[in-house]
Every structure is written in C-alpha cells, then in structure tokens.
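K.L.:
Questions regarding the structure given below will be posed in turn.
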Amino acid sequence: MNIEKAYSIAGKIIKINSEVKYKESENFKEFLSNSLDYDIKIYLKNSKNIIQFNYKPILDKYMMKIYKENNKFFREMVDIRNNKPHSCFIENSNSKEYTCYLYPDMNKDKIDTRHIFQMIGIESLLYKLDTFILHSSYIKYKDKAILFSGPSGIGKSTQAKLWEEYEFAEIINGDKVGINNNGSEWSAHGLPYAGSSNIYKNITLPISSIIILRQSHIN
C-alpha cells in the first residue's frame, strides 16, 4: 500500500505518493498539510531498471547529473562513494505530476523527507509555480517580514539575532525563505531548510524590506 502525504511549502501543496516507507524529518513536520488538492504530485516508485543516457548531461555537479530530452528533464542522483546512480526524477515541463524512480542501490531504510525533496529538486519545481528561494535570514517585525540577504558569513544570522534581542522580533528562518506574489503583494514563506540556525517555522508574512548586507573594513 502506498503512503501519501501532503506538504505546504511556500504556500504550495506538494503531495508525495510513495511505494517506500520513509522517515519524517523533524524540520518537515510543521509543514505537513491535510489538503486534498495539490499543486504538484510526486510518485516515488521502485525500479530495477536504471535509465541509460547515451549523451552528456547539461549539468554534472557533486551528487547530481541533469539530462534533457525534448520537453523532459532527468535529475539523476549519484552515490559519491561509488559514482553509481541511486535515483532519477523525471520532470515534464507541461505537467504537475512527476515520477521519481528509486534504483536498487538506494538505501531505502535511510530515506527521509529531506532526501526526497533533494531528489525531486524542490527549488526547480517551486520556480515553475512562480516561487523562488532566497538565501536570507527571515524575521517577523510588526507583523511583516524583514529579510537579510548576502553571501555566507556576511552576518545574516547575526542581524536576525540582534533584532530579536533589541527589537523583540521573531526569527522565522535563519537561512532560506520562499518568495512569491499573490497579485497584490510580495510574501515571505518560512521553509523547512534553516542551515545551522535550526530555526524553521511555517509562517507567511507580507514583505516589508529586503536588506542586502555588506561588511565594512572597519568596526
């Protein structure tokens, strides 16, 4: 019997229908949804046959290779220990239902929600729904969102903590935020990804400001 769960990510419902029992990652529990409808549905299926590609990938980076064929993209995830593929996600450009095949080399006992959303490339799927992910710290201040963005190590988390300490702001996410427009205003969405901050709240707010941080040569 397949397991089916829905997640509310950046205001979009992502439904997972899986042949494999997987563990629920702690940071995804707050994002579970009871919605019967969905914006995207993913089928996780076991496959003994590995899809063979006789051409070069358009992207080959770390654990991932992406191939393109007509209107389809193939997101192949590779085990870095033996360079063998363990899964392949097929993304059809004009559909809202997709399939991710799990190969025999996949260690299915250790699959959790975090692995699934990595395999399906959630950032790419959200982009198709007019939503993008910004690397930033996200705070709630006077019922609106303030986002601190910039390169790693620039001080995003430090700024968020200062606002929390001195302005009684609430930190919603310490590392990433989903952004989209509902037609009248831009909104910030907490995501289940928080980097080392370990702060991930499923809260949506209208955006007040996006602040790009830079460091001075002097204190």
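The values are calculated or read from the model by the stated rules, or taken from the named source; none is laboratory data. Bear in mind the structure is a predicted one, so any value in this text is a computation, not a measurement. Reconstructed Cβ throughout: ideal geometry from the backbone, glycine too, with neighbour counts over all protein chains shown. Quick note on the areas: whole protein, heavy atoms, side chains included, nothing else; ligands and nucleic acids left out. Shrake-Rupley method; radii C 1.70, N 1.55, O 1.52, S 1.80 Å.
K.L.:
For the pair ASN219/ASP79, report the inter-label distance in nm, with labels modelled 7 Å from Cα in the Cβ direction.
P.N.:
For ASN219 paired with ASP79, the spin-label model returns 5.0 nm.
K.L.:
Follow-up. Assuming R0 = 22 Å, what is the FRET efficiency of GLU4 and LYS201, from their Cβ-Cβ distance, to the nearest 0.05?
P.N.:
Numbers: r = 25 Å, r/R0 = 1.14.
So the FRET efficiency works out to roughly 0.30.
K.L.:
What is the Cα coordinate range of the chain on the first, second and third principal axes, sorted by size from largest, in whole angstrom?
P.N.:
57, 44, 34
K.L.:
In the range 148-212, how does Rg compare with the Kirkwood Rh, expressed as the Rg/Rh ratio over alpha carbon atoms?
P.N.:
Numbers: Rg = 11.8 Å, Rh = 12.4 Å.
My calculation puts Rg/Rh at 0.95.
K.L.:
Now, a different point. What share of Cα pairs, in percent, lie more than 27 angstrom apart in the range 89-219? Provide the component values of the computation, followed by the final result.
P.N.:
On the way: 2645 of 8515 pairs.
Here the long-distance tail beyond 27 Å is 31 percent of all Cα pairs in the range 89-219.
K.L.:
Next question. From a point 7 Å beyond the Cα of ASN34 in the direction of its Cβ, which residues of the range 1-27 have a backbone N at a distance under 16 Å?
P.N.:
Output list for this probe position: 5-8.
K.L.:
Positive end of the charge dipole of the range 21-86 (Lys, Arg +1 and Asp, Glu -1 on Cβ, about the Cα centre): tell me which of HIS86, ASN27, ASN71 has its Cα farthest that way.
P.N.:
Toward the positive end, the furthest listed residue is HIS86.
K.L.:
Could you report the accessible area of GLU26 in Å², rounded to 10, computed with a 1.4 Å probe on the protein chains as they sit in the structure?
P.N.:
120
K.L.:
Within the range 11-25, which residues have the backbone N less than 15 Å from the label spot 7 Å out from LYS45 along Cα→beta-carbon, could you tell me?
P.N.:
Under 15 Å, as judged by backbone N against the label point of LYS45, lie 17-20 of the range 11-25.
K.L.:
Also, I was wondering about something else. Under a point spin-label approximation (7 Å from Cα along Cα-to-Cβ), what is the ASP60-TRP186 distance to one decimal in nm?
P.N.:
For the pair ASP60/TRP186, the computed spacing is 3.8 nm.
K.L.:
Please calculate the 1.4 Å probe accessible area of SER8, with all protein chains present, and give it to the nearest 10 Å².
P.N.:
Solvent-accessible area, nearest 10 Å²: 30 Å².
K.L.:
Continuing with this model, one more query. When the chain is fully extended, how far beyond the present Cα-Cα distance does ILE212 get from ASN107, taking 0.36 nm per residue of separation? Each step should come with its number before you reach the end.
P.N.:
On the way: separation 105, 0.36 × 105 = 37.80 nm, distance 4.08 nm.
Full extension of this stretch gives 33.7 nm more.
K.L.:
Note down the accessible area of LYS5, probe 1.4 Å, to the nearest 10 Å².
P.N.:
60
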